[in-house]
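A.B. asks: Encoded as structure tokens, here's the structure I'll be asking about.
The values are calculated or read from the model by the stated rules, or taken from the named source; none is laboratory data. Predicted, not measured: the structure shown is a model, and the values here were computed from it. Glycine also receives a Cβ, built like all others from the backbone with ideal geometry; neighbour counts cover every protein chain displayed. These accessible areas exclude ligands, DNA and RNA; they are computed on the full protein's heavy atoms, side chains included. Shrake-Rupley method; radii C 1.70, N 1.55, O 1.52, S 1.80 Å.
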Amino acid sequence: MALSDAILQRLLRLHPKRIDLSLERMERLLRALGDPQKSLPPVIHVAGTNGKGSVIATLRAIMEHARRRTHVYISPHLREFRERITLGGDGGGRLIEETALSALLEECESANEGKPITFFEITTAAAFLAFSRTPGDILLLEVGLGGRLDATNVVDRPAACAVTSIDIDHQQFLGATLEEIAAEKAGIFKPGVSAVIAPQRDGVLERLAIEARDTGAPLFVAGQDWQAFEQHGRLIY
């Protein structure tokens, strides 16, 4: 077993007995760590139900082709936790090294001082430490659950936001209807920050538009403000 696996097992035991979506635990830990979320490269924040991973992968390919040092944060992982954290470099991205991951996890564990915190919150804090300490041009940041109260939603002003297709998703936390779920996903919108929206059902799109208007986020909607389709094996914009 890798050292990071043993640390991750310890962190699981800190998980609150009842999950209440909140940013308070995350903000407390980040303060103890020196607020690394304030030292990140420009962030593209991606929420939604279906297609988040595909959007992240496409954006990564575009950015790396343009020789941008691209950090990536995704969840969950397939085989090992390191897959969640990619650190950008001049020659392309690489998964975080085991020794570095273990050190970051232990730093977060120490800063947390045994207080209740979810596994996703404390490991996201470790990822933010890694991204803040590694030079990069952009961070592709995937939401874990919902948006408004997700642990990733501590970035005050991302460079842009994106919302992929929304469907029934974690109703016990996000709401009973698609419109309620959409409102939670739209919680990543920030004033003056462009929000790019994938094709949605009418009711969902209307709710996203309301949330964007109330937040002051410029909205760019698929099929209205932009289009993308494949033609003869090539992606056309």
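A.B. asks: Of L205, L139, L149, which is farthest along the charge dipole of segment 132-207 in the positive direction, counting Lys and Arg as +1 and Asp and Glu as -1 at C-beta?
C.D. replies: It is L139, whose Cα lies furthest towards the positive end.
A.B. asks: Here is a follow-up. In whole Hz, with x marking every Gly and Pro, tabulate ³J(HN,Hα) for segment 157-169 from phi via Karplus 6.51 cos²θ - 1.76 cosθ + 1.60, θ = phi - 60°.
C.D. replies: 9, x, 6, 6, 10, 9, 10, 7, 4, 9, 9, 4, 7
A.B. asks: Keeping all protein chains in place, calculate the accessible area per residue for the chain (probe 1.4 angstrom), answer in Å².
C.D. replies: With the other protein chains kept in place, the chain gives 50 Å² per residue.
A.B. asks: Largest first, please: the extent of the C-alpha atoms of segment 1-139 along each principal axis, to the nearest Å.
C.D. replies: If we take the Cα atoms of segment 1-139, the spans are 43, 32, 30 Å.
A.B. asks: How much of the calculated P(r) for the chain lies past 22 Å, in percent of all Cα pairs? Don't jump to the answer; show the numbers that get you there.
C.D. replies: Numbers: 14926 of 27966 pairs.
Looking at the chain, the distances longer than 22 Å represent 53 percent of pairs.
A.B. asks: Now for a different question. Return, ordered by residue number, the residues of segment 163-203 whose backbone nitrogen is under 15 Å from a label point located 7 Å along Cα→Cβ of R213.
C.D. replies: Hits in segment 163-203 for R213 at 15 Å: 203.
A.B. asks: Applying the Karplus parametrisation 6.51 cos²θ - 1.76 cosθ + 1.60 with θ = phi - 60° to the phi angles of segment 4-12, what ³J(HN,Hα) value in whole Hz is obtained for each residue in order, glycine and proline being reported as x?
C.D. replies: 4, 5, 5, 5, 4, 5, 5, 5, 4
A.B. asks: List the residues of segment 103-117 whose backbone N lies under 18 Å from a point placed 7 Å from the Cα of H170 along the Cα-to-Cβ direction.
C.D. replies: Within reach of a label on H170, which here means backbone N under 18 Å from a point 7 Å along Cα→Cβ, segment 103-117 contributes 117.
A.B. asks: Further question: Write down the percent of antiparallel bridges among all DSSP beta bridges whose residues are both part of the chain, to the nearest 5.
C.D. replies: Of the beta bridges lying entirely in the chain, close to 30 percent run antiparallel.
A.B. asks: Pull out the extension gain between R67 and E107, defined as 0.36 nm times the separation in residues minus the alpha carbon to alpha carbon distance; nm, one decimal.
C.D. replies: Going from the current span to full extension adds 11.3 nm.
A.B. asks: Rounded to the nearest 500 deg cm²/dmol, what is the calculated helix-only ellipticity per residue at 222 nm for the chain, with -39500 (n - 2.57) per DSSP H run of length n ≥ 4?
C.D. replies: Rounded to the nearest 500, it is -11500 deg cm²/dmol.
A.B. asks: Return the long-range amide H neighbours of G144 (sequence gap of 5 or more, or a different chain), with a cut-off of under 5 Å between placed amide H atoms.
C.D. replies: For G144, the qualifying residues are A151, T152.
A.B. asks: Roughly how many percent of the accessible protein surface of the chain is carbon and sulfur, given a 1.4 Å probe and a whole-percent answer? Mind dumping the intermediate values first?
C.D. replies: Numbers: 5950 of 11890 Å².
Within the chain, the accessible surface is 50 percent carbon and sulfur.
A.B. asks: Enumerate the calculated ³J(HN,Hα) couplings along segment 123-136 in order (Karplus 6.51 cos²θ - 1.76 cosθ + 1.60, θ = phi - 60°), each rounded to whole Hz, writing x wherever the residue is Gly or Pro.
C.D. replies: 6, 5, 4, 5, 5, 4, 4, 4, 5, 6, 9, 10, x, x
A.B. asks: Determine the dipole magnitude for segment 134-237: charges of +1 sit on the beta-carbon of Lys and Arg, -1 on that of Asp and Glu, nothing else is charged, the reference point is the Cα centre, and the result goes in debye to the nearest 20. The partial results should precede the final answer.
C.D. replies: Working: 8 positive and 15 negative charges, 44 e Å.
Dipole magnitude for segment 134-237 comes out near 220 debye.
A.B. asks: Quick check: residue separation of D156 and L12 times 0.36 nm, minus the Cα distance between them. What number comes out in nm? Can you show the working numbers first?
C.D. replies: Numbers: separation 144, 0.36 × 144 = 51.84 nm, distance 2.76 nm.
Gain on extension, D156 to L12, equals 49.1 nm.
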